[in-house]
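The values are calculated or read from the model by the stated rules, or taken from the named source; none is laboratory data. These figures come from a predicted structure and were not determined experimentally. We place every Cβ from the backbone using ideal geometry, glycine too, and count neighbours over all the protein chains shown.
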Amino acid sequence: MRKLLLYLLATLLSLLFPSTENQHTPPAFADTGLTVHFIDVGQADCALVGCGGEYMLIDGGNVDDGRLVVSYLKQMGVERLSCVVCSHAHEDHAGGLSAVLAVFDTEQVYAPVEEAPADYFDDLVRYAGKQGLAITVPEPGHRFFLGDAAVTVLGPTRDYEEANNTSLILKLCYGESDFLFTGDMEIPGESDLLDHWGPDFDWNVEVLKVGHHGSETSTGYRFLYETNPDYAVISVERGNPYGHPHQEPLSRLRDAGAILFRTDRLGHIYAHTDGSTITFSWENPYAEPEDAIPADPAMKRLYGNKKTLKFHRHTCSSLPSEKNQVEFTDYDDAIAAGYSPCGSCME
């Protein structure tokens, strides 16, 4: 009887205070498939990608995050990196990479520039040089492989003064599963990217790493319409001084039906695909992603103004009266009809 009572008590305690060991321990990289760890580095960016025993690190957080990133890679059993990608020369992306290069042998280092006026970028160049590596600035269309996964550099497609728009844009394809990493690229860069590759390019992806920590300056309507992600990951710090993520891109993502994963709520975020199905898990066992309501096809319709030849979203304050409206099924339909996008709702 006493053993039964102890068993019942233990069961009750386990229900009231569930073990979180499995949730807090990052899943090991599988021998098959492709795995992406979106590492929680606060108000910064860092992702570790593994496929076929090869690893790629995309960004490394701030300088102070370097030790955390090195420790995380060691915990994951990483001994060598096939490549390190610095999306652009801001500290919250490039800062921690010199610590990584000081510890891990690396085969290739990609960045949009070879030099930048910052000590942390000088350190990145210096530690790459100690391995006999120069910074490679890839052209749009450059392609390489990580195991069986194909990585294509899509942008930037032109020169910019604003460093955010110089962000390297990477499309990672494994089987039928596509991931898109966007750095901090802003809406002007996104539009240039879409124009460069043209209407026949397949932008559709399953997972979007949301640009600029969910800032209103990124993840414009047109870009989101073209990429049409099922899942969106935002790397952001709780209570950050910028107010990220902003409500505008969050609203656009919810309208698109994307399920939102945020590091400020979930901690480290883990995605794994076998080439057809993508599964997610995360560090914080007491938080959940934000389930989006599947997008209503009617909400994706666009409405043109017969007088101004501009087209608008259904929520636009400049939506014309019904007698002046013409309905389009999608963005390309409106463009083909000779209409141009509204400068506010269609950014």
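Key figures for this structure:
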| quantity | calculated |
| --- | --- |
| Scan of the stretch 332-347 for residues that are at pLDDT below 75 and of a type outside the set (A, V, I, L, M, F, W, C), ordered by number | Asp332, Gly343, Ser344, Glu347 |
| Meets criteria (over 17 Å from Phe179 (Cα atoms) and of a type in the set (Gly, Ala, Ser)) for Gly198 | yes |
| Tally, over the stretch 307-317, of residues that are exposed (fewer than 13 other Cβ atoms within 10 Å of the Cβ) and under 19 Å from Gly338 (Cβ atoms) | 1 |
| Residues of the stretch 49-65 that turn out to be under 15 Å from Cys86 (Cα atoms), buried (at least 24 other Cβ atoms within 10 Å of the Cβ) and not charged (D, E, K, R), as a count | 7 |
| Any chance Gln131 is touching a Ser or Thr at 6+ places or on another chain (Cβ under 7 Å) and of a type outside the set (Phe, Trp, Tyr) | yes |
| Meets criteria (buried (at least 16 other Cβ atoms within 10 Å of the Cβ), without any contact (Cβ under 8 Å) to a residue 24 or more places away in the chain and aliphatic (A, V, I, L, M)) for Leu260 | no |
| Residue identified as free of Cβ contacts under 8 Å to residues at least 60 places away in the same chain, surrounded by 14 or more Cβ atoms within 10 Å (Cβ to Cβ) and not polar (S, T, N, Q) among Asp192, Asp200 | Asp192 |
| Meets criteria (in contact (Cβ under 8 Å) with a residue 12 or more places away in the chain, more than 24 Å from Thr273 (Cα to Cα) and crowded, with 21+ Cβ neighbours inside 10 Å) for Gly183 | no |
| Of all residues in the stretch 257-311 being among the hydroxyl-bearing types (Ser, Thr, Tyr) and in a strand (DSSP E or B), the one that is modelled with the lowest pLDDT | Tyr303 |
| Number of the condition not met by His93 [criteria: (1) farther than 21 Å from Leu68 by Cβ; (2) in contact with a Cys (Cβ under 7 Å, 6 or more places away or on another chain)] | (1) |
| Answer residue from the stretch 135-169, given it is touching a Lys or Arg at 6+ places or on another chain (Cβ under 9 Å) and closer than 23 Å to Leu101 by Cβ and is surrounded by the most Cβ atoms within 10 Å (Cβ to Cβ) among those | Val151 |
| Condition met for Val69 (buried (at least 21 other Cβ atoms within 10 Å of the Cβ), in a helix (DSSP H, G or I) and out of contact with any His (no Cβ under 9 Å at 6 or more places or on another chain)) | yes |
| Hits in the stretch 231-256 (condition: surrounded by fewer than 17 Cβ atoms within 10 Å (Cβ to Cβ) and assigned to a loop (DSSP other than H, G, I, E, B)) | Arg238, Gly239, Asn240, Pro241, Tyr242, Gly243 |
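Per-residue answers, yes or no, for (1) surrounded by 17 or more Cβ atoms within 10 Å (Cβ to Cβ); (2) closer than 19 Å to Ser167 by Cβ:
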| position | (1), (2) |
| --- | --- |
| Val85 | yes, yes |
| His88 | yes, yes |
| His93 | yes, yes |
| Glu107 | no, no |
| Pro112 | yes, yes |
| Pro117 | no, yes |
| Phe121 | yes, yes |
| Arg126 | no, no |
